[in-house]
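**Q** Just dropping this structure here.
The values are calculated or read from the model by the stated rules, or taken from the named source; none is laboratory data. Keep in mind that this is a model prediction, so the values were computed, not measured. For neighbour counting, all protein chains shown are included, and Cβ atoms are generated from backbone atoms with ideal geometry for every residue, glycine included. Heads up: the accessible areas ignore ligands, DNA and RNA and are worked out on the full protein's heavy atoms, side chains in. Shrake-Rupley method; radii C 1.70, N 1.55, O 1.52, S 1.80 Å.
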Amino acid sequence: MTAMSDFLPAPATVNLAGHDVAPIAWGMWRFAGADVSVARARIDAAFEAGVTLFDTADIYGCDTPDGFGSAEALLGRVFAEAPELRDRMILATKGGIILGTPYDSSAAYLTSAIDISLKRMNTDHVELWQIHRPDLLTHPQEIARTLEDAHKAGKIGAIGVSNFTTAQAAALAKFLPVPLVSHQSEFSPLHLAPLFDGIFDQSMERGMAFLAWSTLGGGRLGDPADERTRAVAGLLDAKAAEYGVSRAAATYSWVMAHPARPIPIVGTQNPDRIREIPQAFAPRWTRAEWYAVLQTSMGENLP
Ligand code: NAP
């Protein structure tokens, strides 16, 4: 028999740097290249779905003709047309990747990258600024000083890291006078690393939020192309059918059931799919069902 405590629910809200944010965020990796009205429709759909945390990065759009900075610039054009939208958002961006370098977290580079990001987005601050990837050639003390200055100047409300190891995050946190508030790493039923590499444990230990990128495997779960993905999708479909929701919604609910309370960053740019986000709050997972998805993805049972 299944005890009630076996059902793992999604959280109502998640704390991020003192803000209670909706437990599902929306991301702008694939945002650039649209015109302003299309961009606005996506953002409106996200608000309609209850999203409050919006994630972008200075590099998003580098794969489009408009290049580096174009996703932030498009958001800036949306804000220029509808300034009231900015105040309704907890806005997160990132910097520190330069195509071809590939990383720079030096004081000079980050200081100017933050200023240029804000200018592109037509805003004077972001609630969360994240180092996009660890720069192996900058001492964490230098990064901490740079970000402390930007924080003191009111340009960045809080500091997070993306694609950092636990040791890299701890080293930076040691030099920061303010808390390091978030990790952002890949996590999905197809990409399980944070469960085992200490990232979730560190998030819980330090009270850091965890933002999960590519929760549908970058779209692979929408269109499974191999045996393993099909097997995982089959279990997600069974849960989806039980609650009358989409496979994507069942996937987000599986992600949110972990006690680190991962915040899925939804990547779809399709307004109809964005509007389906609230479906993800319905499914509940028993322990056995949740572990079955994990073990199917791993291709082996836990001991
Ligand atoms: P994802 O949700 O795993 O993938 C989204 C892609 O899947 C879209 O191209 C979408 O197409 C497609 N898709 C296929 N079937 C779908 C379905 N049934 N429902 C929804 N989408 C479906 O996420 P992602 O775009 O890879 O990443 C999400 C966000 O994470 C990004 O926007 C960004 O904010 C963040 N991210 C961060 C990093 C980092 O290094 N920090 C790296 C990657 C991403 P349609 O648009 O046509 O629906």
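**Q** So which residues in the range 191-201 are open to solvent by 40 Å² or more (accessible area, probe 1.4 Å) and away from the ligand (no atom under 16 Å from the Cβ)?
**A** Scanning the range 191-201 gives PHE196, ASP201.
**Q** Also: Taking the range 10-30, which residues are touching a residue at least 12 places away in the same chain (Cβ under 8 Å) and of a type in the set (A, V, I, L, M)?
**A** Taking the range 10-30 first, the residues touching a residue at least 12 places away in the same chain (Cβ under 8 Å) are 10-11, 14-19, 21-30.
Those that are touching a residue at least 12 places away in the same chain (Cβ under 8 Å) and of a type in the set (A, V, I, L, M): ALA10, VAL14, LEU16, ALA17, VAL21, ALA22, ILE24, ALA25, MET28.
**Q** Still on this structure, please answer the following. In the range 56-98, how many residues are in contact with a helix residue (DSSP H, G or I) (Cβ under 9 Å, 6 or more places away or on another chain), more than 13 Å from the ligand (Cβ to nearest atom) and not in a helix (DSSP H, G or I)?
**A** So the answer is 7.
**Q** Follow-up question, since we're still on this one. Run down ALA3, ALA45 and say which single residue is out of contact with any Leu (no Cβ under 6 Å at 6 or more places or on another chain) and modelled with pLDDT under 95.
**A** ALA3 is the lone residue from the list that is out of contact with any Leu (no Cβ under 6 Å at 6 or more places or on another chain) and modelled with pLDDT under 95.
**Q** Do you know which residues across the range 202-211 are open to solvent by less than 30 Å² (accessible area, probe 1.4 Å) and either farther than 23 Å from ALA248 by Cα or within 13 Å of the ligand (Cβ to nearest atom) (or both)?
**A** GLN202, SER203, MET208, PHE210, LEU211
**Q** Filter the range 226-235 for residues that are away from the ligand (no atom under 12 Å from the Cβ) and of a type in the set (A, V, I, L, M); which is most open to solvent (accessible area, probe 1.4 Å)?
**A** Looking at the filtered set, the residue picked out is LEU235.
**Q** All but one of (1) within 22 Å of ARG273 (Cα to Cα); (2) open to solvent by less than 30 Å² (accessible area, probe 1.4 Å); (3) out of contact with any strand residue (DSSP E or B) (no Cβ under 6 Å at 6 or more places or on another chain); (4) within 13 Å of the ligand (Cβ to nearest atom) hold for GLY33; which doesn't?
**A** (2)
**Q** Looking at the range 243-265, which of its residues are within 26 Å of PHE200 (Cα to Cα), of a type outside the set (S, T, N, Q) and away from the ligand (no atom under 11 Å from the Cβ)?
**A** Those that are within 26 Å of PHE200 (Cα to Cα), of a type outside the set (S, T, N, Q) and away from the ligand (no atom under 11 Å from the Cβ): TRP254, MET256, ALA257, HIS258, PRO259, ALA260, ARG261, PRO262.
**Q** Across the range 60-75, what is the total count of residues that are under 16 Å from GLY100 (Cα atoms) and buried (at least 24 other Cβ atoms within 10 Å of the Cβ)?
**A** So the count comes out to 2.
**Q** Any residue that is more than 16 Å from the ligand (Cβ to nearest atom), open to solvent by 60 Å² or more (accessible area, probe 1.4 Å), under 30 Å from PRO83 (Cα atoms) and not in a helix (DSSP H, G or I) - is there at least one of those in the range 132-144?
**A** Scanning the range 132-144 turns up no residue that is more than 16 Å from the ligand (Cβ to nearest atom), open to solvent by 60 Å² or more (accessible area, probe 1.4 Å), under 30 Å from PRO83 (Cα atoms) and not in a helix (DSSP H, G or I).
**Q** Is there any pair linking a residue in the range 220-245 that is within 15 Å of GLY299 (Cβ to Cβ) to one that is among the charged types (D, E, K, R) and part of a loop (DSSP other than H, G, I, E, B), with Cβ under 8 Å and at least six apart or on different chains, and which?
**A** THR229/ARG220
**Q** Hey, among SER162, SER188, SER214, which residue is in contact (Cβ under 8 Å) with a residue 40 or more places away in the chain, polar (S, T, N, Q), within 16 Å of the ligand (Cβ to nearest atom) and open to solvent by 20 Å² or more (accessible area, probe 1.4 Å)?
**A** Working: SER162 fails: open to solvent by 20 Å² or more (accessible area, probe 1.4 Å); SER188 fails: open to solvent by 20 Å² or more (accessible area, probe 1.4 Å).
Step by step, each of SER162, SER188, SER214 is checked, and only SER214 is in contact (Cβ under 8 Å) with a residue 40 or more places away in the chain, polar (S, T, N, Q), within 16 Å of the ligand (Cβ to nearest atom) and open to solvent by 20 Å² or more (accessible area, probe 1.4 Å).
**Q** Report every pair of residues separated by at least 6 positions or lying on different chains whose Cβ atoms are under 8 Å apart, first residue within the range 270-283 and farther than 13 Å from VAL51 by Cβ, second open to solvent by 70 Å² or more (accessible area, probe 1.4 Å).
**A** Matching pairs, first to second residue: GLN279/TYR243; ALA282/TYR243; PRO283/GLU242; PRO283/TYR243.
This table checks each residue for (1) open to solvent by 10 Å² or more (accessible area, probe 1.4 Å); (2) within 10 Å of the ligand (Cβ to nearest atom); (3) of a type outside the set (Gly, Ala, Ser).
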site: ALA241; (1), (2), (3): yes, no, no
site: GLY267; (1), (2), (3): yes, yes, no
site: GLU276; (1), (2), (3): yes, yes, yes
site: GLN279; (1), (2), (3): yes, no, yes
